[in-house]
Amino acid sequence: MLIDNTVLYEGSKMIEINKPGNSFFYFFDWDERSYIINMEFQHFHQFYELCIFLDEQAGHLINGAWHDLRCCDIVAIRPSLLHKTTYPEGAPNKRLIINFAIPSQPNGLESCMKSIYSIFDGEVPIYRFEGRYKKAVFEKLNDIYYLSQSPNELSNLAIHQKFIEFLSLIYQYRDKNVYTDQVDFDNITNKIYGITACIHNRYTEDLSLASLSKEFYVSSYYLSHQFKRVTGFTLTDYISMTRVRNAQTLLLSTDIPITEIALQSGFKSFSQFNRAFNKFLQMSPSKFRREGGK
């Protein structure tokens, strides 16, 4: 099937080269997702991810900020970035997810790869191309699709080569990116997403219902009610969960003592951190680190 006269799609099709945890792996997943499996809270990975939406409309939360998605939008998610896709009610939505890790490059290519990886570092790392730029970018993914149809002893190398070309084109055409948010929410919903983005940007600060209601010019009672309606969380739990998620990334990626991670993540004490961690993850921070997040 050809989506939007551009992207080859086959439901439940996958390509796997090694497994997550390897210094080199790829996982391509062409499939559908629906409203009923929307994640409760934003999650993170220790690898890079590209979410390529292939249907009419959905939303993507990145560090608490809502972004509108249209067909063929490319969301570039770096490791440890909190995010989730929110699919609308109704029929399932098509998408392509690509998870990957690429080991250190040979001498002389480091600056090239640094440039390519910069596409993941934008404030809004979402790419929307039109015309010949769109065709050229997605042609590389279609080549990968075709390569997987007739595998041989060089298929993995060819897929890797085409994927680097795909990333390179996104980088080369970055100034042709026409993505803009087209959010059509009511005022209070827009304000709630402004508050969630604020929480993700300032979770280390002393945030509370009282302080945020004052800052955003809304009564504490109304904010509490509307925050729960929009996010599914109480504001207090959302702040705690954001801090816990950020603590998880530090537990997995650093050797910083757990007591220091608690403070760096915005908790006032280790006991407060430990209670919140157990509440949301049903395990202690030390067990989480020991088991590598499994």
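The values are calculated or read from the model by the stated rules, or taken from the named source; none is laboratory data. Worth saying up front: this structure is predicted, and the values here are computed from it rather than measured. Please note: Cβ atoms are built from the backbone with ideal geometry, for glycine as well, and neighbour counts cover all protein chains shown. Side chains are part of the model used for accessible areas, which takes the heavy atoms of the whole protein and leaves out ligands, DNA and RNA. Shrake-Rupley method; radii C 1.70, N 1.55, O 1.52, S 1.80 Å.
Any residue that is polar (S, T, N, Q), in contact (Cβ under 8 Å) with a residue 60 or more places away in the chain, outside any loop (DSSP other than H, G, I, E, B) and under 27 Å from residue 148 (Cα atoms) - is there at least one of those in the range 91-101?
Going residue by residue through the range 91-101, those that are polar (S, T, N, Q) are 93, 99.
Among the residues that remain, those that are also in contact (Cβ under 8 Å) with a residue 60 or more places away in the chain are: 93, 99.
Now restrict to residues that are outside any loop (DSSP other than H, G, I, E, B): 93, 99.
If we keep only those that are under 27 Å from residue 148 (Cα atoms) as well, we get 93, 99.
Yes; the residues of the range 91-101 include at least one that is polar (S, T, N, Q), in contact (Cβ under 8 Å) with a residue 60 or more places away in the chain, outside any loop (DSSP other than H, G, I, E, B) and under 27 Å from residue 148 (Cα atoms).
Which of the residues spanning the range 138-175 are in contact with a Ser or Thr (Cβ under 9 Å, 6 or more places away or on another chain) and touching a residue at least 60 places away in the same chain (Cβ under 8 Å)?
Matches in the range 138-175: 138, 142, 148, 159.
Are any of the residues in the range 160-174 outside any helix (DSSP H, G or I), over 17 Å from residue 17 (Cα atoms), touching a Lys or Arg at 6+ places or on another chain (Cβ under 8 Å) and of a type in the set (Phe, Trp, Tyr)?
The initial filter retains those residues of the range 160-174 that are outside any helix (DSSP H, G or I), namely 173.
From what's left, over 17 Å from residue 17 (Cα atoms): 173.
Add one more test, that the residue is touching a Lys or Arg at 6+ places or on another chain (Cβ under 8 Å), and what stays is none.
No; the residues of the range 160-174 include none that is outside any helix (DSSP H, G or I), over 17 Å from residue 17 (Cα atoms), touching a Lys or Arg at 6+ places or on another chain (Cβ under 8 Å) and of a type in the set (Phe, Trp, Tyr).
Condition test on residue 263, is it open to solvent by 60 Å² or more (accessible area, probe 1.4 Å) and of a type in the set (A, V, I, L, M)? If you could, list the steps in order and put the result at the bottom.
Working: open to solvent by 60 Å² or more (accessible area, probe 1.4 Å): yes; of a type in the set (A, V, I, L, M): yes.
Judged against the criteria, residue 263 is a match.
If I filter the range 44-65 down to residues being touching a residue at least 60 places away in the same chain (Cβ under 8 Å), open to solvent by 30 Å² or more (accessible area, probe 1.4 Å) and out of contact with any His (no Cβ under 8 Å at 6 or more places or on another chain), which single residue comes out as farthest from residue 245 (Cα to Cα)?
So, considering only residues that are touching a residue at least 60 places away in the same chain (Cβ under 8 Å), open to solvent by 30 Å² or more (accessible area, probe 1.4 Å) and out of contact with any His (no Cβ under 8 Å at 6 or more places or on another chain), the one farthest from residue 245 (Cα to Cα) is 48.
Look through 242, 231 and report the one residue that is touching a His at 6+ places or on another chain (Cβ under 8 Å) and either without any contact (Cβ under 8 Å) to a residue 40 or more places away in the chain or open to solvent by less than 50 Å² (accessible area, probe 1.4 Å) (or both).
Numbers: 231 fails: touching a His at 6+ places or on another chain (Cβ under 8 Å).
Going through 242, 231 in turn, the sole match is 242.
Taking residue 226 as meeting all but one of (1) touching a residue at least 12 places away in the same chain (Cβ under 8 Å); (2) under 23 Å from the mean Cα position of the chain (by Cα), write down the number of the exception.
Of (1) touching a residue at least 12 places away in the same chain (Cβ under 8 Å); (2) under 23 Å from the mean Cα position of the chain (by Cα), only one is false for residue 226: (2).
Can you tell me how many residues in the range 196-210 are closer than 15 Å to residue 240 by Cβ and either surrounded by 15 or more Cβ atoms within 10 Å (Cβ to Cβ) or of a type in the set (Ser, Thr, Tyr) (or both)?
Here the count works out to 8.
Looking only at the range 147-169, count how many residues are surrounded by 12 or more Cβ atoms within 10 Å (Cβ to Cβ) and either acidic (Asp, Glu) or in contact with a strand residue (DSSP E or B) (Cβ under 6 Å, 6 or more places away or on another chain) (or both).
3
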